[in-house]
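> What follows is a structure written as structure tokens; I'll ask about it next.
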Amino acid sequence: MAEEVKKEVPQMFKVTIDNITVEVAPGTSILLAARKIGGDVTPPAMCFYSKLKGSGGKCRTCLVEVAAGSTADPRPMPKLVASCRTNVMDGMIVKSITSEKVLDARKGIVEFLLLNHPLDCPICDQAGECHLQDLSYEHGSEGTRYEFQRRLFEREDIGPYIQLHMTRCILCYRCTYVADQITNTRVHGILDRGEHAQISTYISKAIDNDFSGNMIDVCPVGALTDRTFRFKNRVWFLKPMDAHRDCDKCCGRVTLWNRGDEVFRVTARKDEWGEVEDAPDGKPGWICNTCRFDKKKTSDWIIEGPRKIKRHSVISAGHYVGTKKPHETIAEVMGGRHPKLLMDIHTVSEVNKNSVHLSAIEGPATAEVFNNGKGTVLPSPK
Amino acid sequence: MKLLLDKANVEGIRFYEAYRKNGGYSSVEKAFKMAPADIVEEVKKSGLRGRGGAGFPTGLKWSFLAKPEGIPRYLVCNADESEPGTFKDRYLMEFLPHLLIEGLIISSFALGSNRTYIYIRGEYAWIPDILEQAIYEANQNGWLGKNILGSGFDCQIYVQRGAGAYICGEETALIESLEGKRGNPRIKPPFPAIKGLWDCPTVVNNVETLAAIVPIINMGGIEYAKIGIGKSTGTKLISACGNINKPGVYEIDMTISVEEFIYSDEYCGGIPNGKRLKACIPGGSSVPILPANLLLKTAKGETRYMNYESLSDGGFATGSMMGSGGFIVLDEDQCVVRNTLTLARFYHHESCGQCSPCREGTGWMKRVLYNIEYGKGKLSDIDLLWDIQRKIEGNTICPLGDAAAWPVAAAIRHFRDEFEWHVLNPEESQVRNFGLAHYADAREVVA
Ligand SMILES: Cc1cc2nc3c(=O)[nH]c(=O)nc-3n(C[C@H](O)[C@H](O)[C@H](O)COP(=O)(O)O)c2cc1C
Ligand code: SF4
Ligand code: SF4
Ligand code: FES
């Protein structure tokens, strides 16, 4: 007689987010349950990264209101909670965009995140695919109330492949988790505390290991950028193509960013939440530095076809697939919202001006300032 | 009534011989004849509330400690005392180190902690030597080490110095720091009672809380609970400072009124130089500041007492908190705007920078306050400050965000006219203070 295996059927938890009910496995966070629903109810997440253990809880953009803790204990939670680090309970009722309190807090958080940000999108390589840019358009106010000098840092090359622009860092800690969990050594981290906290290597060490490039992919902003790509092109002029190659170090599945036949950069494949996508066989989607930085010829790759970027941002607005400069203004692309806070990246040049240092401008920089060349021109970084 | 400091003035009490002669360590002898669970019960009955600031019932906290088989449990004594205005733990450790060690031994036994840590702030540079001397003496006399009093229980106490960060007083940041990591508060849950030091169940208690275990065991929880009033049982150390005649550490039983505490010669001895009381921060820098009229009497016109319930009567609208017992008195010559700026500067400097509201908001509040204080403010800045603090409060990882927001909120709530005066009189505010207003203490000045 066959042995009777009594397998515990995992009980599913029902959770209601903005009046939409989903069933998820116990141990799922509110954020991931909301992602299962998708759309507007999903809270924005700037620091949480589902593939990095221990991430989340820091940026506070994902705050939600828990109107009822569970069926067993239906009391509401007294404070807003970070949905990325709070697990669902059966019968939990969550309010995200249906809560005034949440929307108000979220607006506050966006303002805090932008407080010390140089707003230098026209010279930033991340523009067009930046999560902070998206966040501010979707959840932010139209202007800043901050009237003080922003934090200033020197640009720093941390190793041969990565440049660090600390002025843009939102201290999400993701890159430190990548270094801890994906690479074999971590030589960088957060120095100092509070507003002075900064990402740095300990005494100008170079980050040099086979998987360090993934730090660029997880960085939600333009703080860590690809030195082999910097200032070469705007992401929305490039055409993303899925491609793969046999690699003995990583999964070898990538997205190539091409202009004509020229490969401008190589990144991991990212899902609609901007996270690195696992391979169908379950292999992690992180890619090695050889694939990312050394294989820049189309002939290095087997092309699978164009990649559709699902994220709600400039690159996914569908205007970048050709190589022509788009005629639409950013306001049109962003559905009528006028950029007051972030500069209009479309009115500026195709390629970022490396020589301009907009963080040195006091108060919010505008496209006008930029086009009139009023940005402080600094000598190129070392 | 004195339970902790009663022998503070005995010659040589800092050393073992005098301490033992005066009845020291008798509570250990008593406790080791009890079952650990009964000690926890005794502490529950005593009604003792944590003296580190939050006032959480200690016995209840102890009963939450997870006790899985085969995993060590830890007791950690929080001696990081960095709250501006609070210096009671320092006094205890400096003058009565054996009292703390005695409390730690019983508590370690009750909780099953074989390795107990004292995490002390780096700036208390001379105190670790005093504590280590006391630990050495306790070891020499068989109160620590292997098989204490033949009970089969082993315990050792280690002193760890911090590097000087207020945030390392937050219990999970303290644990991170103790593990040798950057002192960032952890995201809770899990709570330390389940996963604390080295991921093992851990209890973190304040110095004064752990010292209070000694009289609780000596006199019994029920007797201890008879001292004080309501849920404010036992005695409390208050470190009083600011514009008073006799600053210092006082042990009070929590039945005396705030007025008595400030004006009686037994305690603060009144305000010096014939000045009048303007305001007071009754529980360390994090708690709301109160103007004199709301300090001495509650909004309902009842006398306010020095205990947990009475100090928080009226909520944040008209009350404050017991906090960590740092009692800061401001006389009529003090400027509330400047005082608030000083506190904002502190929280800006001490934020760990992990979460965005606190990292960015504390600096913003400081800069806006700076403008107001130095005559460069706008009227709209006052509402801006209110909005910033509102967006920090409750939205952060650890309570430091709240602690930074509350003082600003309370200052604006009660002293808005002074803020406005600063903005509207930018030049005058640089040469004189706003002084007393309607909220002044109506008491006659005795010249
Ligand atoms: C920012 C911050 C600083 C703190 N500093 C201290 C401290 O210096 N000493 C202390 O005993 N508790 C401090 N606490 C409270 C501790 O987190 C914890 O509640 C306390 O040590 C528990 O002990 P108790 O129950 O005996 O009060 C601090 C809390 C916060 C949020
Ligand atoms: S550099 Fe980028 S990934 Fe690293 S903490 Fe800053 S924002 Fe996050
Ligand atoms: S509230 Fe402040 S101190 Fe606490 S975790 Fe956040 S940044 Fe750090
Ligand atoms: S994504 Fe949840 S706090 Fe940052």
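> Can you grab the distance from the C-alpha centre of segment A:67-95 to the C-alpha centre of segment A:134-195, Å, no decimals?
So the separation of the two Cα centres works out to 31 Å.
> What number comes out for the charge environment of residue B:380, summing +1 per Lys or Arg and -1 per Asp or Glu over other residues with Cβ under 14 Å away?
Combined, the nearby Lys, Arg, Asp and Glu give -1.
> Using 11 Å as the cut-off for backbone N distance, which residues of segment B:319-335 belong to the label zone defined by a point 7 Å from the Cα of residue B:275 along Cα→Cβ?
Of the residues in segment B:319-335, B:329-335 have backbone N under 11 Å from the label point off residue B:275.
> I've got another one for you. Looking at segment B:380-398, which residues lose a minimum of 40 Å² of accessible area between their chain alone and all protein chains in place, measuring with a 1.4 Å probe and not counting ligands or nucleic acids?
B:391, B:394, B:395
> So, in Å, what gap is there between the alpha-carbon centers of segment B:197-225 and segment B:340-383?
37
> Taking only the alpha carbons of the protein assembly as shown, what extent do you get along each of the three principal axes, in Å, biggest first?
For the protein assembly as shown, the Cα extents along the three principal axes come out at 89, 89, 52 Å.
> Where does the charge balance sit around residue A:61 when Lys and Arg score +1, Asp and Glu -1, over other residues with C-beta under 15 Å from its C-beta?
With Lys, Arg at +1 and Asp, Glu at -1, the neighbours total +3.
> Using the C-alpha atoms of segment A:235-323, what convex hull volume per residue, in cubic angstrom, is computed?
Spread over its residues, the Cα hull of segment A:235-323 gives 87 Å³ apiece.
> I'd like the distance between the alpha-carbon centres of segment A:265-306 and segment B:22-80, rounded to an integer number of Å.
Going from one Cα centre to the other spans 55 Å.
> What nm value, rounded to one decimal, do you get for the distance between residue A:180 and residue A:196 when each label is placed 7 Å out toward the C-beta?
Taking the two extended label points, one gets 2.4 nm.
> Next question, about the same structure. Antiparallel DSSP bridges in chain B: what percent, to the nearest 5?
Around 45 percent of the beta bridges assigned by DSSP in chain B are antiparallel ones.
> Sticking with this structure for a sec: What residues qualify as long-range amide H neighbours of residue A:270, i.e. H under 5 Å apart, gap of 5 or more or another chain, H built at 1.01 Å from N?
Result for residue A:270 returns A:277.
> Next up: Once you list every other residue whose beta carbon is under 13 Å from the beta carbon of residue B:28, what net charge do they have if Lys and Arg are +1 and Asp and Glu are -1?
+1
> Roughly how tilted is helix B:127-140, in degrees to the nearest 10 and between 0 and 90, from the longest Cα axis of chain B?
Roughly 20 degrees, rounded to the nearest 10.
> Between 0 and 90 degrees, rounded to the nearest ten: what's the tilt of helix B:97-111 against the longest Cα principal axis of chain B?
70
> Need one number: % antiparallel among DSSP beta bridges in segment B:1-131, to the nearest 5.
In segment B:1-131, DSSP labels about 10 percent of beta bridges as antiparallel.
> With a probe of 1.4 Å, find how much accessible area segment B:336-431 has per residue, and write the answer as a whole number in Å².
In whole numbers, segment B:336-431 has 32 Å² accessible per residue.
> If we restrict to alpha carbons, what Rg and Dmax does segment B:238-330 come to, in Å?
In order Rg, Dmax, the Cα atoms of segment B:238-330 give 11.7, 33 Å.
> I'd like to check one number: the per residue accessible area of segment B:119-182, probe 1.4 Å, reported in Å² as a whole number.
Spelled out: the 1.4 Å probe surface of segment B:119-182, per residue, equals 43 Å².
> Modelling each spin label as a point 7 Å along the Cα-to-Cβ direction, I'd like the residue B:20/residue B:431 distance in nm, to one decimal.
6.8
> Moving on to the next point. Taking chain B as the reference, fit the longest principal axis to its C-alpha atoms, fit the long axis of helix B:36-46 to the helix C-alpha atoms, and give the angle between the two in degrees, 0 to 90, nearest 10.
Around 30 degrees separate the two axes.
> Compute accessible area for segment B:353-369 by itself and then with all protein chains, 1.4 Å probe, and report residues whose area falls by 20 Å² or more.
SASA drop of 20 Å² or more in segment B:353-369: B:353, B:354, B:356, B:357, B:359, B:360, B:364, B:367.
> Would you calculate, for chain B, the mean residue ellipticity at 222 nm contributed by helices, counting each DSSP H stretch of 4 or more residues as -39,500 (n - 2.57) and dividing by all residues, to the nearest 500?
My calculation for chain B gives -12500 deg cm²/dmol from helical runs alone.
> Which FRET efficiency, nearest 0.05, do residue A:310 and residue B:115 yield, Cβ-Cβ r, R0 51 Å?
0.45
> Turning to a different aspect of this structure: With +1 on each Lys and Arg Cβ and -1 on each Asp and Glu Cβ, how big is the dipole of segment B:16-226 about its Cα centre, in debye rounded to the nearest 20?
Computed charge dipole of segment B:16-226: roughly 460 debye.
> Along the Cα→Cβ direction, 7 angstrom out, place labels at residue A:239 and residue A:203. What is the inter-label distance in nm?
Distance between the two pseudo-spin positions: 5.1 nm.
> Please figure out what share of the DSSP beta bridges in the protein assembly as shown is antiparallel and state it in percent, rounded to the nearest 5.
70
> Before anything else, pin down the relative contact order of chain B: Cα pairs under 8 Å, at least 6 apart, normalised by residue count, whole percent.
Value for chain B: 16 percent.
> Cα convex hull of chain B: mean projected area in nm², to one decimal?
The Cα convex hull of chain B, projected and averaged over all directions, gives 20.9 nm².
The values are calculated or read from the model by the stated rules, or taken from the named source; none is laboratory data. For clarity, every value in this text was computed on a predicted model and none was experimentally measured. When we count neighbours, we look across all protein chains shown, and the Cβ atoms used for this are built from the backbone with ideal geometry, even at glycine. These accessible areas exclude ligands, DNA and RNA; they are computed on the full protein's heavy atoms, side chains included. Shrake-Rupley method; radii C 1.70, N 1.55, O 1.52, S 1.80 Å.
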